[in-house]
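The values are calculated or read from the model by the stated rules, or taken from the named source; none is laboratory data. Since the structure is predicted, the reported quantities are computational estimates derived from the model, not experimental observations. When we count neighbours, we look across all protein chains shown, and the Cβ atoms used for this are built from the backbone with ideal geometry, even at glycine. Heavy atoms of the whole protein, side chains included, go into the accessibility calculation; ligands, DNA and RNA do not. Shrake-Rupley method; radii C 1.70, N 1.55, O 1.52, S 1.80 Å.
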Amino acid sequence: MDCFSYKDGILFCEQVSLENIANEVGTPFYCYSSSHLKERFAAYKRGFGTKKHLVCFAVKSNSNLAVLNCLGSLGAGADIVSGGELYRVLKANIPAKRVVYSGVGKTRQEMEYALSEGIAMFNVESEQEMILLSEVAKKMGKKAPISFRVNPDVDAKTHPYISTGLKKNKFGLSMERAISAYEKAMKDPWLEITGIDCHIGSQIVEMAPFLDALRRLKKLVSRLTDMGICLSYIDLGGGLGISYSKETPPQPEEYISAIVNEAAELDQTIIVEPGRSICGNAGVLVTKVLYTKENGQKRFYIVDAGMNDLGRPSLYDAYHEIRTVRQTDKDKLAEADVVGPICETGDFLARSRPLPQLEQGSLIAVMSSGAYGFTMSSNYNSRPRVPEIMVYGDRFQVVRERETWQDLVKGESIPEEGC
Ligand code: LLP
């Protein structure tokens, strides 16, 4: 993570000191490096070379308008899973024709919205969804472009909660069912078959599962061609992992080159839907130590960010490196837990971690928090969500303000008649 490095003993994001940001906006806050985002996106583009492609950024990983706009201006499309995400994408000036719509539970209202905006493709995940989409298309007098999400039944060898390409997972259609779904869609005048899609999981750190899935998809594509179904898009989903600690995933360029190589004979446009591998290491969560205490053998640092701000450690027991914003002596480490203010034992950001001695007021950065950090945050314990900051070289901008206590009760009311 070169975009976060120490200069004169202080942790910087690009050329901006995190301490300066903390002094101006308070803590906690998320901070993103625009240059990291751009570089990771550029690496995807380089991997594709002259192969026809579309990189659809997975909005669920980081949906801040400034992030979307930054990537969109470089040519990114978007992979969305809800009407709300489409709304954000359009607000960020990403054209609808670069949008693919995934997800097992699209509603009628969301379908109408996406169809009227003219998205590139609905990644359909069930036959019932196909039937509803056709009904919506007929009512609107506008054909719906579709692909079916198939479940290639490959093991992505990642955390069970974020593995999606196995038969036992809720996503997509089995290869056999997909064929019959395509047959039905072919006969439907309101559906336009444009592609095929899969997504096998997230935080995948080896190439083999991706290539395995692509090989299985290719077989299906050739069966479909024999049936007279010609596709424009092959969507391979997202899932490339990042290094949180010692993982050594392929870099985006390597990963794409291997895919392009395996897809050499295909003339369809290749779509990928990366999220984490673009924004994960572009962001940190900066938080302040409120109190330190020792309970028996155990040392605790109680910080002002909790599981509602960054849920990954509690949800997946995920590891996020902790760095002090002021550089400290690495030789004097002692094991400690970094915990938040939420009333739950599961509210931790790091457990049993060798850390330098922290004091009340010390700032720490929870690294690799740019993906599934803010987007999964909540108001649990009536805690306002934290601001998001984007760094552009030597300047920074608040790209989402800190919520207020007033924001917390927005839309709520007490009935006049009381209870
Ligand atoms: N496409 C589809 C259809 C997806 O479901 C996902 C992620 C992506 C693309 C992007 O995957 P990525 O490139 O970011 O791995 N909250 C979990 C991750 C859940 C991923 C859900 N789907 C976490 O914090 O690790």
Looking at this structure, is Ala43 surrounded by fewer than 22 Cβ atoms within 10 Å (Cβ to Cβ) and within 15 Å of the ligand (Cβ to nearest atom)? yes
Is there a residue in segment 357-367 that is open to solvent by less than 30 Å² (accessible area, probe 1.4 Å) and under 24 Å from Val59 (Cβ atoms)? yes
Check off (1) free of Cβ contacts under 8 Å to residues at least 24 places away in the same chain; (2) touching a Cys at 6+ places or on another chain (Cβ under 7 Å) for Ser34 and give me the number that stays unchecked. (1)
How many of the residues in segment 269-303 are open to solvent by less than 20 Å² (accessible area, probe 1.4 Å) and not small (Gly, Ala, Ser)? 15
Quick check: is even one residue across segment 191-204 open to solvent by 10 Å² or more (accessible area, probe 1.4 Å), more than 18 Å from the chain's Cα centre (by Cα) and more than 18 Å from Glu127 (Cβ to Cβ)? no
Scanning segment 67-89 for residues that are among the aliphatic types (A, V, I, L, M) and surrounded by 19 or more Cβ atoms within 10 Å (Cβ to Cβ) gives Val67, Leu68, Leu71, Ala76, Ala78, Ile80, Leu86, Val89
Looking at segment 299-327, I want the residues that are outside any strand (DSSP E or B) and have a partner that is of a type in the set (Asp, Glu) with Cβ atoms under 8 Å, at least 6 apart or on another chain. Which pairs are those? Gly306/Asp347; Met307/Glu344; Met307/Asp347; Ser314/Glu344; Ser314/Asp347; Val325/Glu19
Note on Leu214: of the conditions (1) of a type in the set (A, V, I, L, M); (2) open to solvent by 10 Å² or more (accessible area, probe 1.4 Å); (3) over 30 Å from Ser116 (Cβ atoms), unmet is (2)
Assess whether Ser378 counts as being of a type outside the set (A, V, I, L, M), within 18 Å of Glu19 (Cα to Cα) and within 16 Å of the ligand (Cβ to nearest atom). no
Pairs returned, first residue in segment 361-378 that is acidic (Asp, Glu), second residue that is at pLDDT 95 or above and open to solvent by less than 20 Å² (accessible area, probe 1.4 Å), beta-carbon separation under 9 angstrom, 6 or more apart or interchain, are none
Say whether the condition of being under 18 Å from Ser63 (Cβ atoms), open to solvent by less than 60 Å² (accessible area, probe 1.4 Å), assigned to a strand (DSSP E or B) and in contact with a Phe, Trp or Tyr (Cβ under 7 Å, 6 or more places away or on another chain) is met by at least one residue in segment 374-388. yes
Of (1) free of Cβ contacts under 8 Å to residues at least 24 places away in the same chain; (2) assigned to a loop (DSSP other than H, G, I, E, B), Gln406 satisfies all except one. Which? (2)
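Just the residues that are open to solvent by 50 Å² or more (accessible area, probe 1.4 Å) and within 13 Å of the ligand (Cβ to nearest atom), please, taken from segment 90-104. Please lay out each step first, then the result.
To start, the set of residues in segment 90-104 that are open to solvent by 50 Å² or more (accessible area, probe 1.4 Å) comprises 91, 93, 97-98, 104.
Listed by number, the list holds a single entry, Val104.
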Given the conditions (1) assigned to a strand (DSSP E or B); (2) open to solvent by 10 Å² or more (accessible area, probe 1.4 Å), every one holds for Ala350 apart from (2)
State all residues of segment 46-59 that are under 25 Å from the mean Cα position of the chain (by Cα), open to solvent by 10 Å² or more (accessible area, probe 1.4 Å) and over 15 Å from Ile278 (Cα atoms); if no residue qualifies, say none. Gly49, Lys51, Lys52, His53
Take Glu135 and decide whether it is within 30 Å of Glu176 (Cα to Cα) and more than 24 Å from the chain's Cα centre (by Cα). yes
Checked against (1) more than 16 Å from the ligand (Cβ to nearest atom); (2) surrounded by 16 or more Cβ atoms within 10 Å (Cβ to Cβ); (3) assigned to a loop (DSSP other than H, G, I, E, B), Gly237 satisfies every condition except (1)
